[in-house]
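Student: After the C-alpha cells below, expect a handful of questions from me.
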C-alpha cells in the first residue's frame, strides 16, 4: 500500500521482459521496463525526455493523433512522413527531416493503414537513426493480434545501438480502463525515463501491477491472447464474408492479417468525411482516414473496428454501411 | 472496461465535489473535478497548462521538492519565497517576483514546516494574483488531518476570481499506491486541463475510481478519516511525551496540530545533514530541513514522520534519536 517505485512493481517488470523476449524478440532486462499508465503516458514521457522545444520529429502520415499531441506538447516541430504499402517511407523522411531527433513509427501494424514496415525499411530507419543520432519511438499498440504467418519481431530487437524506445500497452490485449502500459528504454536512458516518470506521476498503482503480474505468470495472459486472437480472426472473417456480397463497388476492404480494425477504400472521388457522416446517420460508427492525416490522401478510406461486436451485429453493420454508401455513390 | 473520460469517473467526481464543499469549503461543481494519479500528476499537468518555458513561478522555501521538479520540467524560472510562522511570505514573493505566472503554496499545512497561512497573507496572495493575473497552485496534500480546532477552509474557497487551482490527493487519507488525486480547476480552465490530461495519460483507471466512489458514498471514507485522525493524534502525543524526557536540549519539537509529521529544531550550530546521518546510523529515518531548502536556513531541523509506527516503535525511535543527537552535541 506504500509508494511504489516510479518504474513499477518489479515482478511485473520481470514478467513483461520475459514475455516480450519470447513473443516479440525484444531484447531487454527487467531494469529497462518502465511501467506507465498506457501508451499515451509512454509517448508523453518519451517526448519530454528526448526532445527540446523546437526539435524536429517524424510522424507517420496518416498516423496516430495521440502521438502527434504528445510530441506537440513537448514543443516538437512535426515532420509528416508519408506511408505506403511498405510502411513509413524512410527515404522521404530523410529528405524532409534528416536532422530530426525522434522518429515516431508503428512498424508492426501501421496506425491506421495496417501495413507492416518492410525489412529493408527497418534497416534503413535504424541506419539513419545511428548516423543522425536520432531516437526511434516504436509504438507496438496491437502487435499481439496477428492472424496468419509467424509473429513479427520488433524493430527494437533489430537495434544493436540502443536507439529504439519500445512502447507497449495492455489496453488492447486486456482492457482500456486498466490504464497499463510500458516503455522499454535503452540502457543509457533508464535513469532519465525513471526520473521523468517520477516527476509526472511519482509512482505506480501497485494493486493492478500485482494482479497483472500474477495473471501473466499463471499463464492466463497467454491463454487470453490465444482466445481473443481466434475470436477476432473469426469476427474479421464475418465482416469480409458479408462485405463480399454487400460492399462490392462501394468499399474495397484491404487485406490485413493483424490488428483490431480494417481499412476500407472508397471509390475514387468519394470524400471520406461525407461517407463518415452518412454512415453515422445510418448508425454505423467508422473513422474517416482524413481524420488521421496531415496531407490530403489520394483516396478516401474508412477505418472499421470489428473486434467488439458479435457476428450478427457485424453483419447488420456491414449491411447498414452498404446502405449508407449506396446513397452516396448515386450522388457522385 | 472501456476507455473512460480523461477527467475520470463521473460519480467519483460528484462525490469529491460534495466532500470538498462540506469539509474544506471548496466551491466547485463536479465538472471542475479532474481526476489524476496523485498530486504529483496534478502538479505536472498544472505546470504544463499554466506556464510557458521561461515564465517565473514562486516556490516555497523550504518547500516540496516534487512541486519544484514539476515546475522545472515545464521550463519555469523558480523564485524561492521564504516561509515564516505565518506561512509563505507574500510580500517577499512580490518583491522577488511580482511578474510570476504561478505561485505554488501549501496554505493548510506548509510542507515541510507545518505552519498555516494566516488570513491576512491569504488575502494578500489573492489580491496579488488578481492584479498580476497570476495563478495560485494550492496543494492541500494532508489537510484532512487536523487534531485541534475547526477544520481550515481552503484558499480556493476565498477566491472569487477563479485564480486558484486546488490539488488534493488520496495518497495520505487512503494509501499511496492507490495513485489517486484530483485537480479542482477554475471554470475557465476546465477544457485546457481535461485536454492536457488526455495528452499525458488518455483516460483514467476506472476500477479504482468506481471503488473509491462507493467508499465515499457509503460513508466509509468519512469514518476512515475520523479513525485515522484519532490514531494519528494519539501517536503524535506518544512522540511528544517521550520527547519531553528524552530530547530536552537536543531537539525542540514544534507544536503542530495537523499533518503526519513533526518538525524538530536542532540546537544552533548543529548541521541537520550531520544529524540526519547520525540518526540513520542509529536506525532512525528522518529528513533534514536543508533537503527541502534553496537558501541556507538559519537553524537546522529534522522532519519526523510518526503516523506509520506503533507506540512502542515510536518510543524506541525517540530514544534512539536522542542517543544519536547526544553524540552530536558533545562534538559541537
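Student: Mind checking whether some residue in region B:110-120 is closer than 17 Å to residue B:92 by Cα, more than 19 Å from the chain's Cα centre (by Cα) and not in a loop (DSSP other than H, G, I, E, B)?
Tutor: Yes, region B:110-120 contains at least one residue that is closer than 17 Å to residue B:92 by Cα, more than 19 Å from the chain's Cα centre (by Cα) and not in a loop (DSSP other than H, G, I, E, B).
Student: Still on this model: If you check residue B:204 against the conditions, is it within 14 Å of chain A (Cβ to nearest Cβ) and either touching a residue at least 60 places away in the same chain (Cβ under 8 Å) or in a loop (DSSP other than H, G, I, E, B) (or both)?
Tutor: Working: within 14 Å of chain A (Cβ to nearest Cβ): yes; either touching a residue at least 60 places away in the same chain (Cβ under 8 Å) or in a loop (DSSP other than H, G, I, E, B) (or both): yes.
The answer is yes for residue B:204.
Student: Follow-up question, since we're still on this one. Collect the residues in region A:235-258 that are free of Cβ contacts under 8 Å to residues at least 60 places away in the same chain and part of a loop (DSSP other than H, G, I, E, B), keeping them in residue-number order. Explain how you work it out, then say what you get.
Tutor: Narrowing region A:235-258 to residues free of Cβ contacts under 8 Å to residues at least 60 places away in the same chain: A:237, A:240-241, A:244-245, A:248, A:252-253, A:255.
Of everything in region A:235-258, those that are free of Cβ contacts under 8 Å to residues at least 60 places away in the same chain and part of a loop (DSSP other than H, G, I, E, B) turn out to be A:248, A:255.
Student: Still on this model: Quick one: residue A:24 ticks every box in (1) over 20 Å from residue A:211 (Cβ atoms); (2) within 14 Å of chain B (Cβ to nearest Cβ); (3) surrounded by 16 or more Cβ atoms within 10 Å (Cβ to Cβ) bar one, so which box is it?
Tutor: Evaluating residue A:24 over (1) over 20 Å from residue A:211 (Cβ atoms); (2) within 14 Å of chain B (Cβ to nearest Cβ); (3) surrounded by 16 or more Cβ atoms within 10 Å (Cβ to Cβ) leaves (2) as the failure.
A quick yes/no check of all residues on (1) surrounded by 14 or more Cβ atoms within 10 Å (Cβ to Cβ); (2) not in a loop (DSSP other than H, G, I, E, B):
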| residue | (1), (2) |
| --- | --- |
| A:274 | yes, yes |
| A:278 | yes, yes |
| A:290 | yes, yes |
| A:296 | no, no |
| A:299 | no, no |
| A:304 | yes, yes |
| A:309 | yes, no |
| A:314 | yes, yes |
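Student: Select from region A:163-180 the residues that are surrounded by fewer than 24 Cβ atoms within 10 Å (Cβ to Cβ) and within 13 Å of chain B (Cβ to nearest Cβ) and list them in ascending order.
Tutor: Here is the first cut: in region A:163-180, the residues surrounded by fewer than 24 Cβ atoms within 10 Å (Cβ to Cβ) are A:163, A:170-178.
A:170, A:171, A:172, A:173, A:174, A:175, A:176, A:177, A:178 - these are the residues of region A:163-180 that are surrounded by fewer than 24 Cβ atoms within 10 Å (Cβ to Cβ) and within 13 Å of chain B (Cβ to nearest Cβ).
Student: Let me ask you something else. Step by step: first the residues of region A:22-39, then only those that are modelled with pLDDT of 95 or more and out of contact with any strand residue (DSSP E or B) (no Cβ under 7 Å at 6 or more places or on another chain), then the one that is nearest to residue A:166 (Cα to Cα). Which residue is that?
Tutor: Within region A:22-39, the match that is nearest to residue A:166 (Cα to Cα) is A:27.
Student: On the given criteria, is residue B:44 out of contact with any strand residue (DSSP E or B) (no Cβ under 6 Å at 6 or more places or on another chain) and part of a helix (DSSP H, G or I)?
Tutor: yes
Student: Hey, residue A:62 hits all of (1) on the phi > 0 side of the Ramachandran plot; (2) more than 10 Å from every other protein chain (Cβ to nearest Cβ); (3) touching a strand residue (DSSP E or B) at 6+ places or on another chain (Cβ under 7 Å) but one; which does it fall short on?
Tutor: (1)
Student: So if I check each of B:185, B:243, which one is at pLDDT 95 or above, buried (at least 20 other Cβ atoms within 10 Å of the Cβ), more than 23 Å from the chain's Cα centre (by Cα) and more than 13 Å from chain A (Cβ to nearest Cβ)?
Tutor: On the way: B:185 fails: more than 23 Å from the chain's Cα centre (by Cα).
Exactly one of B:185, B:243 is at pLDDT 95 or above, buried (at least 20 other Cβ atoms within 10 Å of the Cβ), more than 23 Å from the chain's Cα centre (by Cα) and more than 13 Å from chain A (Cβ to nearest Cβ), namely B:243.
Student: Residue by residue through region A:63-86, note down the ones that are under 17 Å from the mean Cα position of the chain (by Cα) and more than 18 Å from residue A:40 (Cβ to Cβ). Before you say what the answer is, go through the steps one by one.
Tutor: So in region A:63-86, the residues under 17 Å from the mean Cα position of the chain (by Cα) come out as A:63-71, A:80-86.
A:80, A:81, A:82, A:83, A:84, A:85, A:86, listed by residue number.
Student: Separate question: Evaluate region B:10-24: report whether one residue or more is touching a helix residue (DSSP H, G or I) at 6+ places or on another chain (Cβ under 7 Å), in a loop (DSSP other than H, G, I, E, B) and in the same structural domain as residue B:192 (by TED's automatic domain parsing).
Tutor: No, that holds for no residue.
Student: Please give the number of the condition residue A:197 fails out of (1) at pLDDT 95 or above; (2) in contact with a strand residue (DSSP E or B) (Cβ under 7 Å, 6 or more places away or on another chain).
Tutor: Failing condition for residue A:197: (1).
The values are calculated or read from the model by the stated rules, or taken from the named source; none is laboratory data. This one's a predicted model, so the numbers in the text were calculated from it and none came from an experiment. Neighbour counts are summed over all protein chains in view; Cβ atoms, including those assigned to glycine, are modelled from backbone coordinates with ideal geometry.
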